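Comments concern the structure below.
The values are calculated or read from the model by the stated rules, or taken from the named source; none is laboratory data. Keep in mind the model is a prediction, meaning the values are calculated, not measured. Here Cβ is always computed from backbone atoms with ideal geometry, including for glycine, and neighbour counts include all displayed protein chains. With ligands, DNA and RNA removed, areas are computed over all heavy atoms of the protein, side chains included. Shrake-Rupley method; radii C 1.70, N 1.55, O 1.52, S 1.80 Å.
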Amino acid sequence: MDALVIVDAANVVGSVPDGWWRDRHGAAERLRDALAGYAADGLPGLLAPPLELVLVVEGAARGVESAKGVRVVPAAGSGDDRIVQLVADEGGGRDCLVVTADRGLRERVQALGARVTGPRAVWGPGRGGA
């Protein structure tokens, strides 16, 4: 079974001050597109391929659609609550990694057995976001 990687879009996009606040939807699409390569290639030093990549979006980014290699899941309310629900529903029995810098969310998903890493694992200098 493929490892599950759940990305907190709002937190990861917000970690790079590139003007994302002017176009939250577009910023989430850029992140989605940057994530696609990781599905086949894996996350160096963290997870070998193949990966199931899930991008959780909220607010103005809710209209972002899934793309090859990345399933986009909109949060009806709190993105954090949706991520916790995904870990509980889909993370059992396989390696599950949540990408976020949110301390409270990190604690909640670790309590369910998920591992966590920060935004630079997928977004930032030398990556898709900068």
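Some notes on this structure:
- No other residue among VAL7, VAL16, VAL12, VAL73 is touching a Lys or Arg at 6+ places or on another chain (Cβ under 8 Å) and on the phi < 0 side of the Ramachandran plot apart from VAL73.
- Scanning region 26-51 for residues that are part of a helix (DSSP H, G or I) and within 16 Å of LEU4 (Cα to Cα) returns ARG32, LEU35, ALA36, GLY37, TYR38, ALA39, ALA40, ASP41.
- Close Cβ contacts (under 8 Å, 6 or more residues apart or on different chains) running from residues in region 1-14 that are open to solvent by less than 10 Å² (accessible area, probe 1.4 Å) to residues that are of a type in the set (S, T, N, Q) comprise VAL7/THR100; ASP8/THR100; VAL12/THR100.
- VAL54 meets all of the listed conditions (1) exposed (fewer than 14 other Cβ atoms within 10 Å of the Cβ); (2) assigned to a strand (DSSP E or B) but one, namely (1).
- Among all residues of region 57-74, there is at least one that is open to solvent by 10 Å² or more (accessible area, probe 1.4 Å) and of a type in the set (S, T, N, Q).
- All of ALA101, ALA130, ALA76 fail the test of being over 22 Å from ASP2 (Cα atoms), out of contact with any helix residue (DSSP H, G or I) (no Cβ under 7 Å at 6 or more places or on another chain), at pLDDT 90 or above and not in a helix (DSSP H, G or I), apart from ALA76.
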